[in-house]
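> The structure that follows is given in the form of structure tokens.
The values are calculated or read from the model by the stated rules, or taken from the named source; none is laboratory data. Fair warning: this is a prediction, and the values are worked out from it, not measured in the lab. Virtual Cβ from ideal backbone geometry, glycine too; neighbours counted across all protein chains shown.
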Amino acid sequence: MIVKISLGKPQPKQKEFMLATEKYVAFGGARGGGKSWSVREKAKRLAMKWGGIKILIIRKTYLDLRDNHILPLKADLPQRYVPYKEVDKSFVFPNGSRIKCSFFDNDTDALQYQGQEYDVIFLEEATQFSELVFNVLKACLRGANNFPKRMYLTCNPDGIGFLWVKRLFVSRKYKEGEDPSEFRFIQSLVDDNQILMEKNPDYVKQLDSLPEDMRRRWRYGSWDVAEGQYFNEFDRELHTCAPFQIPKEWRRYISIDYGLDMLAAYWIAVDNNNNCYVYKEFCKPDLPIRKAAEAINNFTLKDENIYAVLAPPDLWNRSQETGKSKAALFYEAGLSLTKSNNDREAGWLAIKELLTKDKHGKCRLHIFTTCPTLIEHLPELLRDPKHPTDTLNEPHEITHSPDALRYFAIYWVSPARSASSKRVKYRQDWLEDWRNARTDEERNRLIQKYGGLPDI
Ligand SMILES: Nc1ncnc2c1ncn2[C@@H]1O[C@H](COP(=O)(O)OP(=O)(O)O)[C@@H](O)[C@H]1O
Ligand SMILES: [Mg+2]
């Protein structure tokens, strides 16, 4: 029996998506790019080519599933030959292939699929799901046959799955066990869907008139701005810059966040107009204090002339066992720290102040493109819904670099900075006093007595 099924004509980006052979292919990243259309067309082609193949299409809600897939597929597929079975929401082809449509209201709905086998899975609007759903579905991609085993994901830069989709497909930061060659991202914007642009030019106008952060995500596919993003003023164009030689006379700081899980250190220079340039980063996990101090010193050039190494005040807490603070241990390891402030709200606001555009469209914080961790994590920080002036501490691994920047920003923006950070030339005997000082109190007394920190 020959059954004729009409197929649509893909546009260039859709074609790229439909021809991709990686195991995990993400498509879209903006609104109206022709994602759902491509899912239906690819599913039809697979079902026709591979008799007996098992295909699963997933959406978050039943209404979206019905409107984007069940109804259009019913219209496309001759119901006499490829009937739709309501009971398990499946289209059954004469060659034994099946397209099952499913919706996961809750992420835990995915657990019902544990142990099931599919050859090809389409996860529509993947960023509406947690990574758990992706992991469960990954395990369903199997079957003792020669059919391709693939997962196609469509996505917009929003929703609760923003970070995992961004990590795997956009930033391409892989964990152990993940094979980078299995992941591919094909971006498609509304401009890539000429059919929609022609048929419905108002749709583009609608996207253009959205508030700025939504427009950047849905119209231009920017992954720098998440929903609930704390630093929604962050703009890669404006706030990052290509590295350049920092003039000698600019004042330089290092600002660190230190924990055994991660050292995040930033080198920051300030020009004569108080513009701040983050020009070097060093982030490394699992460094004991001695190694951390050594790494920072090694990463600092001889003539770099650092004015102060800023650190959060909790490093001055004394350990119950040794009676020594981490700051003291850093000092013994050759790195003298200057206490910054850990008022989170004031610190975040200080960063916002540096990021904000003035009336000429200029801002005061610039990050060299050679500091990728900060550039990635700063825009990922989310607002804490319970304390809207603060950020969420989750996921913990993205907090270190912004925290280090915060210790600099509050120190820099706060008017008290000149008193606490002033450096003076110490006489030899003053320096001896300084080196002999055992506690912070003693050091603070010396700072007051000699008018500032030693200029060493
Ligand atoms: N190749 C194509 N041929 C005909 N119509 C298309 C094609 N690609 C997309 N469309 C139409 O463009 C509109 C938007 O596409 P859709 O796939 O729903 O976008 P998205 O899922 O990315 O928001 C829909 O009306 C869809 O049918
Ligand atoms: Mg869609």
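The rows are residues; the columns are (1) within 30 Å of Pro385 (Cα to Cα); (2) touching a residue at least 60 places away in the same chain (Cβ under 8 Å).
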position: Lys89; (1), (2): no, no
position: Ser97; (1), (2): no, no
position: Phe104; (1), (2): yes, no
position: Glu117; (1), (2): no, yes
position: Ala126; (1), (2): yes, yes
position: Asn145; (1), (2): no, yes
position: Lys149; (1), (2): no, yes
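> Let me ask you something else. Could you please find all residues in segment 144-158 being within 14 Å of ligand 2 (Cβ to nearest atom) and at pLDDT 95 or above?
Those that are within 14 Å of ligand 2 (Cβ to nearest atom) and at pLDDT 95 or above: Tyr152, Leu153, Thr154, Cys155.
> Of all residues in segment 339-370, count the ones that are modelled with pLDDT under 95 and among the β-branched types (Val, Ile, Thr).
Counting residues in segment 339-370 that are modelled with pLDDT under 95 and among the β-branched types (Val, Ile, Thr) gives 1.
> Quick check on my filter: what residues within segment 428-454 are touching a strand residue (DSSP E or B) at 6+ places or on another chain (Cβ under 9 Å), assigned to a loop (DSSP other than H, G, I, E, B) and at pLDDT below 75?
Thr439
> Could you identify the single residue in Ala43, Ala26, Ala30 that is modelled with pLDDT under 95, within 16 Å of ligand 1 (Cβ to nearest atom), of a type outside the set (Lys, Arg) and crowded, with 18+ Cβ neighbours inside 10 Å? Outline the logic, then answer.
Values: Ala43 fails: modelled with pLDDT under 95; Ala26 fails: modelled with pLDDT under 95.
Just a single option satisfies the conditions, and that option is Ala30.
> Identify all residues within segment 1-23 that are in contact with a helix residue (DSSP H, G or I) (Cβ under 8 Å, 6 or more places away or on another chain), more than 8 Å from ligand 1 (Cβ to nearest atom) and within 28 Å of Trp164 (Cα to Cα); write none if there are none. Show your work before the answer.
To start, the set of residues in segment 1-23 that are in contact with a helix residue (DSSP H, G or I) (Cβ under 8 Å, 6 or more places away or on another chain) comprises 5-8, 10-14, 17-18, 22-23.
Now drop any that are not more than 8 Å from ligand 1 (Cβ to nearest atom), which leaves 5-7, 12-13, 17-18, 22-23.
Once the filter is applied, which keeps residues that are in contact with a helix residue (DSSP H, G or I) (Cβ under 8 Å, 6 or more places away or on another chain), more than 8 Å from ligand 1 (Cβ to nearest atom) and within 28 Å of Trp164 (Cα to Cα), segment 1-23 yields Pro12, Lys13, Phe17, Met18, Glu22, Lys23.
> If you don't mind, another one. Between residues in segment 13-38 that are under 17 Å from Asp64 (Cβ atoms) and assigned by TED's automatic domain parsing to the domain that holds Asp158 and residues that are within 6 Å of ligand 1 (Cβ to nearest atom) and part of a helix (DSSP H, G or I), which pairs lie under 8 Å by C-beta distance while being six or more apart or on different chains?
So the pair list comes out as Phe27/Lys35; Gly28/Lys35; Gly32/Leu196; Gly34/Gln14; Gly34/Ile195; Gly34/Leu196; Trp37/Gln14; Ser38/Gln14.
> Residue check: is Asp105 closer than 18 Å to Gly159 by Cβ, outside any helix (DSSP H, G or I), out of contact with any Gly (no Cβ under 7 Å at 6 or more places or on another chain) and away from ligand 1 (no atom under 16 Å from the Cβ)?
Values: closer than 18 Å to Gly159 by Cβ: yes; outside any helix (DSSP H, G or I): yes; out of contact with any Gly (no Cβ under 7 Å at 6 or more places or on another chain): yes; away from ligand 1 (no atom under 16 Å from the Cβ): yes.
Answer is yes for this residue.
> Give Asp202, Asp158 a once-over and let me know the one that is of a type in the set (Asp, Glu), within 16 Å of ligand 1 (Cβ to nearest atom) and outside any helix (DSSP H, G or I).
Asp158
> From Leu132, Leu137, Leu153, Leu168, which residue is over 21 Å from Thr61 (Cβ atoms) and either assigned to a strand (DSSP E or B) or in the same structural domain as Ala47 (by TED's automatic domain parsing) (or both)? Outline the logic, then answer.
Details: Leu132 fails: over 21 Å from Thr61 (Cβ atoms); Leu137 fails: over 21 Å from Thr61 (Cβ atoms); Leu153 fails: over 21 Å from Thr61 (Cβ atoms).
Checking each option against the conditions leaves just Leu168.
> Applying the selection to segment 312-338, what residues are closer than 23 Å to Lys280 by Cα and touching a Phe, Trp or Tyr at 6+ places or on another chain (Cβ under 6 Å)?
First pass over segment 312-338, keeping only residues closer than 23 Å to Lys280 by Cα: 312-313, 315, 327, 330-331, 333-338.
Those that are closer than 23 Å to Lys280 by Cα and touching a Phe, Trp or Tyr at 6+ places or on another chain (Cβ under 6 Å): Pro312, Ala327, Leu337.
> Got a sec? Which helices (runs of 4 or more DSSP H) wholly within segment 1-93 have at least 1 residues that are within 13 Å of ligand 2 (Cβ to nearest atom) and more than 28 Å from the chain's Cα centre (by Cα)?
Details: elements: 12-19, 35-49, 62-65, 71-76.
Ranges flagged: 35-49, 62-65, 71-76.
> Yes or no: segment 119-126 includes at least one residue that is within 16 Å of ligand 2 (Cβ to nearest atom), crowded, with 18+ Cβ neighbours inside 10 Å and in a loop (DSSP other than H, G, I, E, B).
Keep residues of segment 119-126 that are within 16 Å of ligand 2 (Cβ to nearest atom), which gives 122-126.
Now restrict to residues that are crowded, with 18+ Cβ neighbours inside 10 Å: 122-126.
Still in the running and in a loop (DSSP other than H, G, I, E, B): 124-125.
There is at least one residue in segment 119-126 that is within 16 Å of ligand 2 (Cβ to nearest atom), crowded, with 18+ Cβ neighbours inside 10 Å and in a loop (DSSP other than H, G, I, E, B).
> Also, quick follow-up: Filter segment 266-284 for residues that are at pLDDT 95 or above and surrounded by fewer than 15 Cβ atoms within 10 Å (Cβ to Cβ) and give the result.
Listed by number, the list holds a single entry, Lys284.
> Something else: Got at least one residue in segment 113-124 being closer than 26 Å to Arg216 by Cβ and of a type outside the set (Gly, Ala, Ser)? So that I can check it myself, show each step before the final result.
First, pick out the residues of segment 113-124 that are closer than 26 Å to Arg216 by Cβ: 123-124.
Those still in the list that are of a type outside the set (Gly, Ala, Ser) too: 123-124.
The answer is yes, given that some residue of segment 113-124 is closer than 26 Å to Arg216 by Cβ and of a type outside the set (Gly, Ala, Ser).
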